[in-house]
Amino acid sequence: MARIELNNIAKAYGPVEVMRDINLTIDDGEFIVLVGPSGCGKSTLLRMIAGLEPISGGDFTVDGKRMNEVPPRDRDMAMVFQSYALYPHMDVARNMGFSLEIRKAANEERVSKVQEAARTLGLSKLTERLPKQLSGGQRQRVAMGRAIVRDPSAFLFDEPLSNLDAALRVEMRLEIARLHQRLKATMIYVTHDQVEALTLADRIVVLNAGDIQQVGTPLDLYETPANKFVAQFIGSPTMNILEIEPKQGGLSLKNGANLGVGLTNAQAGARELGVRPEHLNIVSPEEAHISGTAELVEHLGSDTNIHANVPGIGQVLVREHGHFALKSGDPVGIALDLEKTHLFDADGRRLAA
Amino acid sequence: MSTLRNSSPLAVTGKYLALGFYVAFALFPLYWLVKIAITPDKLIFTEGTALFPSEFTFENFQTVLIATDFLSYFKNSVIVSVGTAAITTAIAAAAGYAFSRFVFRGKRLIIALMLITQMFPLLMIIAPIYKIVAAVGLLNSLTSLIIVYTAFNIPFATFLMQSFFDGIPKDLEEAGMIDGCTRFEALRKIILPLTLPGLGATLGFVFTAAWSELLFALMLINSNDTMTFPVGLLTFVSKFSVDWGQMMAAGVLALVPSCLFFIFIQRYLVQGLTSGAVKG
Ligand SMILES: Nc1ncnc2c1ncn2[C@@H]1O[C@H](COP(=O)(O)OP(=O)(O)O)[C@@H](O)[C@H]1O
Ligand SMILES: [Mg+2]
């Protein structure tokens, strides 16, 4: 059980500062997902929490106790590596029980804990195998088992599923969610996959270039993204961003289409409008805000993605529920759900009404 | 490889012919060594070029073992080679680990210096080495050879060990440290077992280098008591004749420890000990 606090955490590699002023409080038992594009500093942040990477500035506390200089072995945190990092010369059981072996736990305790973890993870028949005799998914489970056996105060995951194929990834994602429900331990999970983030997290931390962009529940981030980066990173397919020209008497798009909505004072500096594909609809020409031609229509069964080319605006992606009878080259009229649009200023900040 | 595509019988034959030729080429001098060692003295010159001698004898071996100082040379060589291999490998392993895992000031400089030491022909530094060894009073001692060989082998052995450590993912010792190890424990319980092939290769390399070194052994040793085997071999060449048979018999015997050594470490040289550690 652990409440983890990061206060003005900074990280520099030599003269290169990769992270500054990171502030974050993680509640006991919370499932936090750190998400962001590759190279944004997710792993670095996680490794500072684990103690594998020295913290260059700020305070890192666990349950109120400053831990900046505490070595990894005394932090009581377990970590699942992207590479799994199984000990190749030890069999599955010894891999899973290694932490107890190091702590000189009693033999019976170790064996029973390893057996229990192996049973939960469906590894009971494999305990005598070496890592090289396992499939990718099984190795992943062993890596999880190694963490579970320890019963740590916090679990750290660094992109644990990114080496698995799609089907296995979904399965393991469920398993991790179940694990969290059962253990109710603090979990910090790093991924670049926003679907993993949205499905697993109590709260998501969106990082970009070493900065926290926004912290919030999955729904918060989806409905009220703090800026254009978060808006485009969260949600799939990606949000459409359309340039606007704020005119007297209402909002109009670059091609002159007037949306017939006024701007509040706070929104006076708006430069761009964001709207998710699912908040656009194909409508008859009379009801349309904008119109163009369907360039590519993807029939996914559950949804239909229409990539439309709108003169004066460019590519716009529309997502319709279910099967939508439309082919490439058809003319389309598109209406915006004006309740669900977002306005961004010149710096990409979202402007609330 | 050949299972991937259907090679024509001609290509397969060609491949084995080439392999066979290479093996014969490489092993022929060895065969000749053994052949002359078991040829009776009286036949050495009369049947000089015959592939098989018409008579065999183990007399040469007997003479070498009983009537010469071969056993003493042999013992000296074992002491020097094992000592050099053990000390060099221990130092190289520690240095290689540091080079592989730590960032520290002067790392590039040290690596550059170590490379530079490898650039000079040994002949150039024989005189200064002789003076130094003489000054500290270590001439004619096996210790001097161990020290000199260790110094010369450390750079290469260090690079060798570093490359083995580089091949072991950092994640493994980090996982170990998260699991409760100190860095040293992680090194001992996780990294060391995985480096056994590297240690074996380095031991073998240094051992053979020390075993067959002649130049320094010749310069630094001239008492019969402390001669190593390569120097001792030269005593079979006298002013008026060369004892070919005995010399070759001694050579064959000298191969024995190298062979034993490699048989002993070859199981550690088998690749793939780290497979399964990480994805793939
Ligand atoms: N050892 C290092 N030395 C210098 N820069 C590093 C080092 N490790 C990571 N970085 C830099 O820190 C940034 C964050 O890296 P990382 O945390 O691995 O990103 P992520 O896990 O989000 O993909 C990157 O820009 C990377 O270049
Ligand atoms: Mg990473």
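Close Cβ contacts (under 6 Å, 6 or more residues apart or on different chains) running from residues in the range A:28-45 that are of a type outside the set (Lys, Arg) to residues that are near ligand 2 (Cβ under 10 Å from one of its atoms) comprise A:Leu34/A:Lys42; A:Leu34/A:Val190; A:Val35/A:Thr191; A:Gly36/A:Lys42; A:Ser38/A:His192; A:Ser43/A:Asp158.
Taken together, A:Ala335, A:Ala294, A:Ala325, A:Ala308 contain a single residue that is in a loop (DSSP other than H, G, I, E, B) and of a type outside the set (Asp, Glu), which is A:Ala325. The residue list B:Thr63, B:Thr49, B:Thr57 contains one member that is open to solvent by 90 Å² or more (accessible area, probe 1.4 Å) and not hydrophobic (A, V, I, L, M, F, W, C), which is B:Thr49.
Matching residues to (1) closer than 27 Å to A:Gly262 by Cβ; (2) modelled with pLDDT of 95 or more; (3) in contact with a Pro (Cβ under 8 Å, 6 or more places away or on another chain); (4) exposed (fewer than 15 other Cβ atoms within 10 Å of the Cβ):
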{"site": "A:Glu287", "(1), (2), (3), (4)": "yes, no, no, yes"}
{"site": "A:Gly301", "(1), (2), (3), (4)": "no, no, no, yes"}
{"site": "A:Leu326", "(1), (2), (3), (4)": "no, no, no, no"}
{"site": "A:Gly329", "(1), (2), (3), (4)": "no, no, no, yes"}
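Taking the listed residues A:Pro218, A:Pro152, A:Pro160, A:Pro131, the one that is under 30 Å from A:Asn7 (Cα atoms), within 13 Å of another protein chain (Cβ to nearest Cβ) and away from ligand 1 (no atom under 16 Å from the Cβ) is A:Pro152, with no other qualifying.
The single residue among A:Asn309, A:Asn305, A:Asn255 that is without any contact (Cβ under 8 Å) to a residue 60 or more places away in the chain and touching a Pro at 6+ places or on another chain (Cβ under 7 Å) turns out to be A:Asn255. Residues that are within 12 Å of ligand 2 (Cβ to nearest atom) and open to solvent by less than 30 Å² (accessible area, probe 1.4 Å) within the range A:26-42 comprise A:Leu34, A:Val35, A:Gly36, A:Cys40, A:Gly41, A:Lys42, listed in sequence order. The residues in the range A:43-77 that are open to solvent by 10 Å² or more (accessible area, probe 1.4 Å) and within 16 Å of ligand 2 (Cβ to nearest atom) can be counted, and the count is 5.
Of the numbered criteria (1) within 16 Å of ligand 2 (Cβ to nearest atom); (2) in contact with a His (Cβ under 6 Å, 6 or more places away or on another chain); (3) not β-branched (Val, Ile, Thr), the one A:Gly210 fails is (2).
Of all the criteria given as (1) farther than 30 Å from B:Thr150 by Cβ; (2) touching a Leu at 6+ places or on another chain (Cβ under 6 Å), the one not satisfied by B:Phe25 is (2). Filtering the range A:10-29 for residues that are at pLDDT 95 or above, within 16 Å of ligand 1 (Cβ to nearest atom), at negative phi and not hydrophobic (A, V, I, L, M, F, W, C) leaves a non-empty set.
Among the residues here, B:Leu215 does not qualify as within 23 Å of the chain's Cα centre (by Cα), open to solvent by 50 Å² or more (accessible area, probe 1.4 Å), of a type outside the set (S, T, N, Q) and within 12 Å of chain A (Cβ to nearest Cβ).
The values are calculated or read from the model by the stated rules, or taken from the named source; none is laboratory data. Since this is a predicted model, take the numbers as computed values, not measurements. Neighbour counts run over all protein chains shown; Cβ positions are idealised from the backbone, glycine included. To get the accessible areas, we keep the full protein, side chains included, count just its heavy atoms, and leave off ligands, DNA and RNA. Shrake-Rupley method; radii C 1.70, N 1.55, O 1.52, S 1.80 Å.
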